[in-house]
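Structure first, commentary second.
Laboratory data are not the source of any read-out in this text; all were calculated from the coordinates shown. Just so we're clear, the structure is a prediction, and the values are computed from it rather than from any experiment. A quick note on method: Cβ atoms are made from the backbone with ideal geometry, for glycine too, and the neighbour counts reach across all protein chains shown.
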Amino acid sequence: MFHMFNLLKKTKQESEAFFEMFPSTLNSDVEVVAMLIPKSKHLPHKTEETLSVESDSIRIYSRIYNPEPDSSATSSLTATQQLVLSCIYTRHHDGFVRQKHLKKILENETPWTVPFVVMLLGEYVIEIVEMTKGAVEKDKALYKKFITDNPIFWEKTKSRMTSYWNEYYRKSFENKDDYPALKIVKIIEE
C-alpha cells in the first residue's frame, strides 16, 4: 500500500492516517499527496467516529500538525489530488490553514469531501462556518445523503454546534436559531 520512501518521511501511523481519511477508490491519489506532506513533530489526533462515504468506511482525524507542503511541490497535482490535499488540511490545527483549504473544497464538492465540511460545522471558528452556507444550499442533496448515512455523527456534530454557541456566541446570537451553524442544520434537514 505504501512506498518505502514515503515511510522514511513520516511514521507508519502518520502515513496510514491519511489513507483512513478517504474512500479506498482514492488510494492512489492519497499516496501521491501523502508523499508531499512534510513530517510532523506530532501525531494526528484520532477521532472515534468511523463514517460511511460512498459505501466505504473512513476515519477523519480531528487534528493534524503537518506543515503545509511547498506550493512548488503541489503544482503538479491533479484536481483530485488537490482536493485530497485540501481535505487533509481542513483538519490542521491552525484555523487560517483550515479556512484556506475549505475554500478550495467548496469550489469542487464531491461526496467524499462533504464529511470534511460537516466536521468544520461542528467547530468554533464562526468565519469557517459562515463560508459553508452557500455550498450547502447549492449541494444540499450531498449533505442530506451524508447525514442520513451517518446519523450518530450528525447528532454529535449538532451537539457540538450547540455547545459552541452556548460557550462562545450566546451574547452575539441570543436566539440560538440565529447562530450560523444551526441555520445550516435547518438547510440540510429541511
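Expressed as cubic angstrom per residue, what is the convex hull volume of the alpha carbon set of the chain?
Numbers: hull volume 21.3 nm³, N = 190.
Cα convex hull per residue, to the nearest whole number: 112 Å³.
Full extension from ARG170 to LYS104: what is 0.36 nm times the residue separation minus their Cα-Cα distance, to one decimal in nm? Kindly include the intermediate steps, with their values, before the conclusion.
Numbers: separation 66, 0.36 × 66 = 23.76 nm, distance 3.00 nm.
Contour length minus Cα-Cα distance gives 20.8 nm.
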Exercise for the section: Given the options LYS176, LYS41, LYS103, state which has the largest fluctuation in a GNM of the chain using a 10 Å cut-off (strictly under) for Cα springs. Expected result: LYS41
Exercise for the section: Using only alpha carbon pairs under 8 Å that are at least six residues apart, calculate the relative contact order of the chain and give it in whole percent. Expected result: 16
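Please go through the residue pairs LYS158/LYS186; LYS104/LYS186; LYS144/LYS183 and name each one whose alpha carbons sit more than 20 Å apart in this structure.
Numbers: LYS158/LYS186 11 Å; LYS104/LYS186 24 Å; LYS144/LYS183 15 Å.
Beyond 20 Å: LYS104/LYS186.
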Handout entry: Centre separation in Å (Cα based) which lies between region 14-57 and region 147-190
Key = 27
Handout entry: Gaussian network model of the chain, Cα within-10 Å springs - most flexible of THR25, THR113, THR157
Key = THR25
Problem - Relative exposure of SER40, SER71, judged by other C-beta atoms within 10 Å (fewest first) - result: SER71, SER40
Practice task
Give me THR78, THR90 ranked fewest to most by other Cβ atoms within 10 Å of their Cβ, as a rough exposure proxy.
Solution key: THR78, THR90
Handout entry: Dipole moment magnitude, nearest 20 debye, the chain about Cα centre, only Lys, Arg, Asp, Glu C-beta charged
Key = 400
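Which value, in debye to the nearest 20, describes the size of the charge dipole of region 100-190 about its Cα centre when Lys and Arg Cβ atoms bear +1, Asp and Glu Cβ atoms bear -1, and nothing else is charged?
On the way: 16 positive and 15 negative charges, 19 e Å.
Dipole about the Cα centre, nearest 20: 100 debye.
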Exercise for the section: Give the cross-link partners of LYS156 among the aspartates and glutamates, using a straight C-alpha distance below 17 Å as the criterion and excluding same-chain residues fewer than 8 apart. Expected result: GLU48, GLU49, GLU123, GLU167, GLU189
Problem - Fluctuation leader among TYR65, TYR169, TYR143 - the chain, Gaussian network, Cα springs under 10 angstrom - result: TYR169
Practice task
Kindly put SER52, SER24 in sequence by how many other C-beta atoms sit within 10 Å of each C-beta, fewest to most.
Solution key: SER24, SER52
Exercise for the section: Could you pull out every one of the lysines with an alpha carbon less than 19 Å from that of LYS41, ignoring same-chain neighbours closer than 8 positions? Expected result: LYS9, LYS10, LYS12
Exercise for the section: Using only Cα atoms, tell me the angle between helix 79-89 and the longest principal axis of the chain; keep it within 0 to 90° and round to the nearest 10. Expected result: 70
